[in-house]
2 protein chains.
Amino acid sequence: MNSDFTFKRKDLNRRTASPLPSSISPIGVRTSRSNDGRLSQEPNVETDALDWGGDVLERRVAYDNFTTIDWIHDFAKERSRLRKLKKKKGTRGKWLQVSDATQAWIIVFAVGLAAGLIAALIDISSEWLSDLREGYCTTGFYLNKKFCCWEIDDGVSCDYWHNWTGKFWVSYIIYIVTGIGFAVTSGILVKLYAPYAIWDGLAEVKTILGGFIIKGFLGVWTLVIKSLGLILAVASGLSLGKEGPLVHITCCCGNVFLRLFPKYSQNEAKKREILSAASAGGISVAFGAPIGGVLFSLEEVSYYFSDSTMWRSFFCAMVASVVLQMVNPFRTGKLVLFQASYNRDWHGFEMIFFVFLGILGGLLGALIIRLNLRITRIRNTSFIRHYPITEIVIVAAITALISYLNIFMRVDSTELISNLFRECEGNDYYTLCNHNTFASNVGLLIVAAILKIVLTVLTFGIQLPAGIFMPSMVVGACCGRALGILVEAWQRYYPTFWLFASCPPEGSCITPGTYALVGATAALGGVTRMTVSLVVIMFELTGALTYVLPIMIAVMLSKWVGDAFGKGGIYDGVIKLQGYPFLDNKETYNYDFIGSQVMTRVDDLVVIPANSTTLDSLDEIMQFTDYKGFPVVSSLRDMMLIGFISRNELRFAIDQAKRADGISGSSPCYFGTALPVLEATAYVDLRPWMDMTPITASYKLSMETVMELFRKMGIRYLLFVQNGKLHGLLTKKDILRHLAVVHRIQRMDGENRFHSLNLRLNEFDS
Amino acid sequence: MNSDFTFKRKDLNRRTASPLPSSISPIGVRTSRSNDGRLSQEPNVETDALDWGGDVLERRVAYDNFTTIDWIHDFAKERSRLRKLKKKKGTRGKWLQVSDATQAWIIVFAVGLAAGLIAALIDISSEWLSDLREGYCTTGFYLNKKFCCWEIDDGVSCDYWHNWTGKFWVSYIIYIVTGIGFAVTSGILVKLYAPYAIWDGLAEVKTILGGFIIKGFLGVWTLVIKSLGLILAVASGLSLGKEGPLVHITCCCGNVFLRLFPKYSQNEAKKREILSAASAGGISVAFGAPIGGVLFSLEEVSYYFSDSTMWRSFFCAMVASVVLQMVNPFRTGKLVLFQASYNRDWHGFEMIFFVFLGILGGLLGALIIRLNLRITRIRNTSFIRHYPITEIVIVAAITALISYLNIFMRVDSTELISNLFRECEGNDYYTLCNHNTFASNVGLLIVAAILKIVLTVLTFGIQLPAGIFMPSMVVGACCGRALGILVEAWQRYYPTFWLFASCPPEGSCITPGTYALVGATAALGGVTRMTVSLVVIMFELTGALTYVLPIMIAVMLSKWVGDAFGKGGIYDGVIKLQGYPFLDNKETYNYDFIGSQVMTRVDDLVVIPANSTTLDSLDEIMQFTDYKGFPVVSSLRDMMLIGFISRNELRFAIDQAKRADGISGSSPCYFGTALPVLEATAYVDLRPWMDMTPITASYKLSMETVMELFRKMGIRYLLFVQNGKLHGLLTKKDILRHLAVVHRIQRMDGENRFHSLNLRLNEFDS
């Protein structure tokens, strides 16, 4: 949402080549020649492809930054590696195989451990910093208010804790100044050391898992700065949550740990298996919901999610939960502050209110998404984008100014939610359970909800680590609790009303806490459009089957209502707004196109003719075009498809060939068919650098099936042929551009928006 | 495992054609002809494919029994239907769209409701029948022992319940006779009314979800008879469980309910979405684990599992759970009899024993799978296969004879497990908690485990509805409890031993019930090789994070150990043994082949040449071959691929054409290129019946990628081309045969087995 984030191609010229296996040389020496100018050692395709087998798979030069990965190739590379490993016999072979199999488990265990510890650290530190805005602990400066007053009755004020001042105005000013101070510190840290640490990073993690390369996004610096920045940002009292960023942080852990094992660090597809598991660990500690975390990773974040990935995700999530429970940051034995448990069942008539909350959640979610995206667009185009720190100061100041005056906004979000969820028996948080003040409570809650919406749409998008889960839940919980209090009051004043016939004659009937729970769920569902994972997270929070039905209905309604105002949650919105090259494999494509209507026609393509290509002509192609890959055809006349070579590897091959003896600019290039120049004695063998079996399709193939090929097979490009002749090319970029057209996203802000997306897409590779 | 189940092709001649849309006629009348014999209205592929668009998708004749479905086609058909629906405007259009969207929810709700009710019925009835073997209730014949003695203290004997006799031998004989009687009644019901109701049906459900057609397997009769037969089988005391069959039963419900909606009944791919959801409902009620059910469906049963299927599965599982909880068949408020809750945490040193149980579970699982498959093979080839009822009598008699003498085998499996899982505080089931009898208890438990293994491998495979989940769990729980009792005794007699240093000085330290839980989990894991779903099921049974770590480690170890003795659980074994055409999309293919090495070469194929085919020549091809489909090429000389036509539809088109005016045997057939006979005025247009854009690949493509195409895209056949020329064909059948070779399954019983599989595979279509 700021210019830092629009992918630049500055890195494209930096080559990051992996060492070339010594067995492959792109230089061939012609040994004999048959009469028709074809090489006598011309490959017998059937056996030759096998001979190349393993080595061909290692040819790939490392991916450039901001390019898409080739899933098929990476998976094949891994299988080839496994085959080689299997062939190793003896004790050493056995040992290598066992250690290979345990690597994944070591990484996910380490990620789980780190996730648990980091989550605990963030919880404790942010609480301490937050309390420091009010005062300090006389028995130990490092203690937060809760630990300082440990074993002291909550009702009585605690002597060990010393407030900075007793005067309202001084407190108010300290609150504002510290809030701005923390936020700015966080912003400066991020700006100086890890620009990728802003926001929650979920949209980017999703894009990366979808097969895109963003170097440094999951690096050590991002990990450290995001953790520190998040503590400060949370403590600053801004309207943001730590749940989303925690997923980014655990993914960083995963990415850092997997560097120890070449199996993962050198295979982008395998790397993403670990990242999927790590994101499950992140949600597991954020909500204390290990199964919810796995389902979140499966449903929301991951692109391919195999059974073994699921098992590892589960392991990671469980380890993270257990570690967090052992550290016990809240000293309650609970995994999160807002774990809920209810003694009472719900009554049939309450379903009306739960349905209302579900619909309200959908509306609120749609509203938050719309407003946030609109503000982000304004921010991206106005002068403010050049002054991120000033923006932070302004937002933090507004937040602190407003929040201090409303008790529900002043306290920490997690603490607020935990109290809104609670039953009234024996407790009375912020006089929420006081029957006499119910009208003012409802008023305060509704004001808090409205202000929270305003602050949230302002905050989610400034240059800080910030999640949107918690603020959405706060909005929903405030609305829900307000409704719950109203219904409770109604029932108390008119107990004989027909609606309340099923209530017991004695004791309370309505539990307002459950309304807050359902409301928070619905609002979060409206913003993120999560389904199963959200219900499971809430199921794990309450731990009982009792409230599953209301929660499910609220989630379902909020999704339906939200989708009526625009498909997709806020992350899909961010992905589209930022123009990330993410091809959603969950969306259904339902348009009546065929391949030839969408493909780039052969007339508009730069192809390499195998019969007349020399090193110089390749150099020329590289110089005058910036396409990311070139189809290779037999000749420009008959256009029979031979293969596909990516720019990346062609560049590498040319550079290597130039350094070789006997090779000059006029040396012919060999692609597996006839050699162009009959007189040459040395040629450049480009076969190892070429995809000799690209996935092809009839150009009459329906776009539905084409989309399936891209999504399910993970291909980067598709070549359209008819009778062997090349007719066109379709890349992931083309698909995304086509989708942008058919989705008519210009609906949102006219032609402008589409053009800007179009331009951005042009920056991505094929 | 019996001959009834080997797929016969008797049904293949019966045509079950869906009504042909009137807009499609396979008869064309030549309007003009250009000089080169080509039609002047020869299709412009780009626009023409669009014109055919929707209609082409409806051409498909209904699938034959025992054939594989074409996922790509079915999904495309659904999308085309949705496109048409979207175009409908006005109130009626809106209404149709809304009702279309709610259909799935109505079905899964109904399935959940039915699943809950049927599960409750089976629980209550089988318990009543089982108790009837001992005596009857004087206050009401229809009451089982528990309900008869309701509100009467468990310790005291209940006067309302009247045992048939007090004498041991008479009771023993009644026990044996009723056992045989129930089992035989169940066997006869199944044999007469629903042969598909035998076993648990999970292997077949998995095969069906993988895209295979078995008509009647999920019909009303199977539903009714399997439910009744299961009640009788469970009551007979045979070593079998109701969990697996419940999944089959709920899938039957799904299949029956979806018949009301053409959207599902006429689309095999969409049908499978409902069946996936239904199987989640089945496990949900079987174990009281709704989330576990969803994950089971995802991990074990389903082939394609989209997000919307997941959401519906979850809904179905939740409704089923809630309904079952409302019916409350056990009158405990719990969903299953063996829900467990523990007060004590486990100690670090206990991990040694849990690891041991995990390894033991893997070994037991491998043993049960091996023995069971061996016995099934013997059964399939010996004379006994002609006398299924006699076999039931023998097995039931042996079971009853043995079981009555061991208290742990006499009681109902679920009741036994529930007591083995329990803590000792305040209870003493079967004197399990009596410290003085610990040696005899351990002995009895181990004997029970061994006998249970023997009975289970004998039972799973006879012609009755029977699941293997519960018996496996019993074996594991007996072993686990035995170990737990031993460890407890050890700790009691040597409390100062260094291992027990972490035990509290006072009170008990070891909870033998948890050992039973871990043991049962490990054994079930060993038999089924479930991972995440099994842990989640156990997690939902205990409802606490406390025992998740031991459970996870046990599951992981039992899977690793089991896999060392042979990959895949018992269902994979059954699928292989029965030769079901199931292409596992979770297994990794890791061999170094390319397409041309596996494909059927073009010389061995029957192809249709577009330039010289008349109605008569097609008839001839149909008569003299039994291939399930034919590639269409331009001519036998140049072999350029035009398309693919399946036997099914070719037959239908020919029959229809023959009835038309002006068409004779010598009428040419039009495939989209030149017409063979220039003089004819009428021709048969076969384009609507042909797949004009079959998925093709280079014959040099690695088999790894070919497998991915089959698994991920759900194609039925792949055509190999080079420069547009047809080189070969690969069908799902070929893939399965190839896999059988490379897996060297002959290892198990020599060349013989492979040949028999090979022969069976030949019976399946392409």
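Helical runs (DSSP H, four residues minimum) scored at -39500 (n - 2.57) apiece and divided by the length of chain B put the mean residue ellipticity at 222 nm at -18000 deg cm²/dmol. If one takes the longest principal axis of the Cα atoms in chain A, at what angle in degrees, from 0 to 90 and to the nearest 10, does the Cα axis of helix A:350-381 lie? Between helix and principal axis, roughly 60 degrees.
Put simply, what bits of the range A:685-711 lose 10 Å² or more of accessible area when the other protein chains are there, versus the chain on its own (1.4 Å probe)? Buried on complex formation: A:MET692, A:THR693, A:ILE695, A:THR696, A:SER698, A:TYR699, A:LYS700, A:LEU701, A:GLU704, A:THR705, A:GLU708, A:LEU709. Under 5 Å from the amide H of A:ALA340 lie the amide H atoms of A:THR542, each residue being 5 or more positions distant or on a separate chain, with H modelled from the backbone and absent for Pro and chain starts. Across the range A:347-579, the relative contact order, built from alpha-carbon pairs under 8 Å that are at least six residues apart, equals 34 percent.
If you bin all the Cα-Cα distances of the range B:308-368 at 5 Å, starting from zero, the percentages per bin are 4, 14, 10, 12, 11, 13, 20, 14, 2.
For chain A, the antiparallel share of DSSP beta bridges with both residues in that region comes to about 80%. Expressed as a whole percent, the accessible area of the protein assembly as shown that falls on carbon and sulfur atoms is 59 (1.4 Å probe). How much of the calculated P(r) for chain A lies past 37 Å, in percent of all Cα pairs? In whole percent, the long-distance tail amounts to 47. Measure nothing fancy, just the Cα-based angle from helix A:45-57's long axis to the longest principal axis of chain A, in degrees from 0 to 90, nearest 10. Roughly 50 degrees between the two axes. Residues in the range B:159-168 carry Karplus couplings, in order, of 6, 5, 8, 10, 6, 4, 7, x, 7, 4 Hz; the curve used is 6.51 cos²θ - 1.76 cosθ + 1.60 with θ = phi - 60°, and Gly or Pro positions show x. Taking max minus min of the alpha-carbon positions on each principal axis, the range B:61-336 gives extents of 75, 37, 31 Å, largest first.
Label-point spacing at A:ALA397 relative to the other copies reads 9.6 nm, in ascending order, each point sitting 7 Å out from Cα along Cα→Cβ. You can think of it this way: the chain between B:THR139 and B:ALA564 has 147.4 nm of extra reach, that is 0.36 nm per residue less the Cα-Cα gap.
About its Cα centre, the range B:595-742 has a charge dipole of approximately 580 debye under the convention of +1 per Lys or Arg Cβ and -1 per Asp or Glu Cβ, with nothing else charged. Translational diffusion of the range B:595-742 was estimated from the Stokes-Einstein equation, with Rh taken as the Kirkwood radius over Cα pairs; at 37 °C and 0.692 mPa s the coefficient is 206 µm²/s. I'd like the orientation of helix B:512-528 relative to chain B: the angle between its Cα long axis and the longest Cα principal axis, in ° from 0 to 90, rounded to 10. In chain B, helix B:512-528 runs at an angle near 20 degrees to the longest axis. At a probe radius of 1.4 angstrom, the accessible area of the range A:185-258 per residue rounds to 22 square angstrom.
Where only protein heavy atoms count, and the probe is 1.4 Å, what is the accessible area per residue for the range A:400-502 in Å²?
Normalised by residue count, the accessible surface of the range A:400-502 is 37 Å².
Total buried accessible area between B and A, probe 1.4 Å, nearest 100: 6600 Å². The distance separating the Cα centre of the range B:464-540 from that of the range B:224-242 comes to 27 Å. Give me the net charge of A:ILE118's neighbourhood, meaning all other residues with Cβ under 12 Å from the Cβ of A:ILE118; Lys, Arg count +1, Asp, Glu -1. That works out to +1. Computed on the Cα atoms alone, the convex hull of the protein assembly as shown gives a volume of 205 cubic angstrom per residue. Starting from the label point of B:VAL742 at 7 Å along Cα→Cβ, the same points in the other copies fall at 3.3 nm, in ascending order. Comment: the Cα-to-Cβ extended label point of B:TRP498, at 7 Å, lies 7.8 nm from its counterparts in the other copies, nearest first.
With q set to 0.14 Å⁻¹, the log10 of I(q)/I(0) for the range A:347-579, from the Debye formula over equal scatterers at the Cα positions, is -0.88. For the range A:595-691, the list of trypsin sites (Lys or Arg not before Pro) that fall in a loop by DSSP and count at most 16 other C-beta atoms within 10 angstrom reads A:ARG637, A:ARG659. Looking at the protein assembly as shown alone, DSSP beta bridges between its own residues are antiparallel in about 80 percent of cases.
The values are calculated or read from the model by the stated rules, or taken from the named source; none is laboratory data. Please read these numbers as outputs of a predicted model, since none were measured by experiment. Every residue, glycine as well, gets a Cβ built from its backbone with ideal geometry; the counts of neighbours run over all protein chains shown. Each accessible area value is taken on the protein alone, full model and side chains, heavy atoms only, with ligands, DNA and RNA left out. Shrake-Rupley method; radii C 1.70, N 1.55, O 1.52, S 1.80 Å.
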